[in-house]
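A quick write-up on the structure given underneath.
The values are calculated or read from the model by the stated rules, or taken from the named source; none is laboratory data. Keep in mind that what you see is a predicted model, and the values were worked out from it rather than measured. FYI the Cβ positions are ideal-geometry reconstructions off the backbone, even for glycines, and counts take in every protein chain you see.
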Amino acid sequence: MAAVAVMRFQTSKERQMNPRVAPRYRTFTAALVALLACAPASLLAQSDYPNKPIRLIVPFPAGGSTDIVGRVVAQKLSERLGQQVVVDNRGGAGGTIGTDAAAKAAPDGYTLTIGTTSTHAVAAGAYSKLSYHPAKDFAPVSLVAITPYLLVVNPQVKANDLKDFVALAKTMPGKMNYASAGNGSTTHLAMEMLKDAAQINLQHIPYKGNAQADLALLANEVQAVFGSMPALLQHTKAGKLRPLAVGTSQRSPALPDVPTVAELGYPGFEAALWLGVLAPAGTPKAVIERLHKELAAIVPTADFKLAMERNGADAVGNTPEQFAKLIADESARYIKVVKAIGLKLD
């Protein structure tokens, strides 16, 4: 700053005495003026964040698990930030359409997205020409929830447990249908993993989101779904769907009497959905820190935990760095899984 002061207060007579100084003076002063003009606006924008509504892209249609969790997150963030967080459902292609839109949004903190196992882990292996990079195109903020996957059937299916289901499928190979939230979604991959483990042949019927897949199952248009708990729990508790097994390594507190796939003869089987908040890559660090601070305060609250528990999910938070590592680790894991079962979507 001392050098700046000397240059600013040189007199015109002094500059005339040393003509070599004048061009340097003009260049330095112009650069300094430009810097001082830009810096306060940038700093003010970050310190004033947010000063308008925020869009939260949910890359699946309304009514599914990601939407259910996303709407709770949006409500809680709205309360803490003092600005409305508006949910924007952009479903299609296993969540990749909405996620791509989020990746290409302005990195100013006013567009966020809910990233999931489907969009940020499975997609990396299932699509050879994915339009976004799950790691490079996003700035992770925090994980918010993890939910088990639940294998359910329509009550008209003559299977009371997983053993019955496998046996029934083997008597009619290719004739039983299962629904998913779309090609490349985790509901698709979870059942493909079970098919591979149990050596059964089922017909895949993709829908545009969990809600549509569940409606098809309730109407007995398809016979089974291996979906995330939030979208299925209420129908299960109401007796409209029959639960056969959960995909996590441990039983779910929401359905403690339903065994895991692993304990029913398929050790090592693991199918779960994690969900978290991300921003486009390049979002200012101060904005990410503010959002993380608010989510870190929201996730442990009794209200948020209860909202998750009601839908069979566990409230789980972490740091941006931990979330980034989870995405990298899960992408690597699912690339191997997708390759092992031979799943390719393009």
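The figures follow:
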{"quantity": "First in segment 171-184 and in the same structural domain as residue 95 (by TED's automatic domain parsing), second anywhere and surrounded by 24 or more Cβ atoms within 10 Å (Cβ to Cβ) and assigned to a helix (DSSP H, G or I), Cβ under 6 Å, 6 or more apart", "calculated": "none"}
{"quantity": "Residue in segment 195-202 that is of a type in the set (Gly, Ala, Ser) and under 20 Å from residue 273 (Cβ atoms) present", "calculated": "yes"}
{"quantity": "Tabulated pairs, segment 327-345, first under 15 Å from residue 270 (Cα atoms), second surrounded by 12 or more Cβ atoms within 10 Å (Cβ to Cβ) and of a type in the set (D, E, K, R), C-beta under 7 angstrom, 6+ apart or interchain", "calculated": "341/192; 341/196"}
{"quantity": "Residue count for segment 111-153, restricted to those that are surrounded by 24 or more Cβ atoms within 10 Å (Cβ to Cβ), more than 20 Å from residue 233 (Cβ to Cβ) and among the polar types (S, T, N, Q)", "calculated": "3"}
{"quantity": "Some residue of segment 198-218 being more than 28 Å from residue 330 (Cα to Cα), among the hydrophobic types (A, V, I, L, M, F, W, C) and out of contact with any Phe, Trp or Tyr (no Cβ under 9 Å at 6 or more places or on another chain)", "calculated": "yes"}
{"quantity": "Any chance residue 306 is out of contact with any His (no Cβ under 6 Å at 6 or more places or on another chain), buried (at least 18 other Cβ atoms within 10 Å of the Cβ), more than 20 Å from residue 113 (Cα to Cα) and at pLDDT 95 or above", "calculated": "no"}
{"quantity": "Qualifying position, being farther than 24 Å from residue 225 by Cα, touching a helix residue (DSSP H, G or I) at 6+ places or on another chain (Cβ under 8 Å), buried (at least 20 other Cβ atoms within 10 Å of the Cβ) and not assigned by TED's automatic domain parsing to the domain that holds residue 244, among 279, 313", "calculated": "279"}
{"quantity": "Qualifying residue in segment 322-337 (condition: modelled with pLDDT under 95, over 23 Å from residue 65 (Cα atoms) and over 19 Å from the mean Cα position of the chain (by Cα))", "calculated": "yes"}
{"quantity": "Helices (runs of 4 or more DSSP H) within segment 168-262 that include 1 or more residues acidic (Asp, Glu) and buried (at least 16 other Cβ atoms within 10 Å of the Cβ)", "calculated": "186-198, 210-218"}
{"quantity": "Of all residues making up segment 237-258, the number that are under 16 Å from residue 190 (Cβ atoms) and not aliphatic (A, V, I, L, M)", "calculated": "5"}
{"quantity": "Restricting segment 294-326 to residues that are among the aliphatic types (A, V, I, L, M) and free of Cβ contacts under 8 Å to residues at least 40 places away in the same chain, the residue that is farthest from residue 235 (Cα to Cα)", "calculated": "302"}
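Condition check ((1) touching a Cys at 6+ places or on another chain (Cβ under 9 Å); (2) outside the structural domain of residue 293 (by TED's automatic domain parsing); (3) loosely packed, with under 10 Cβ neighbours inside 10 Å; (4) modelled with pLDDT of 50 or more) across all residues:
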residue	(1), (2), (3), (4)
2	no, yes, yes, no
10	no, yes, no, no
21	no, yes, no, no
60	no, no, no, yes
67	no, no, no, yes
70	no, no, no, yes
78	no, no, no, yes
93	no, no, no, yes
100	no, no, no, yes
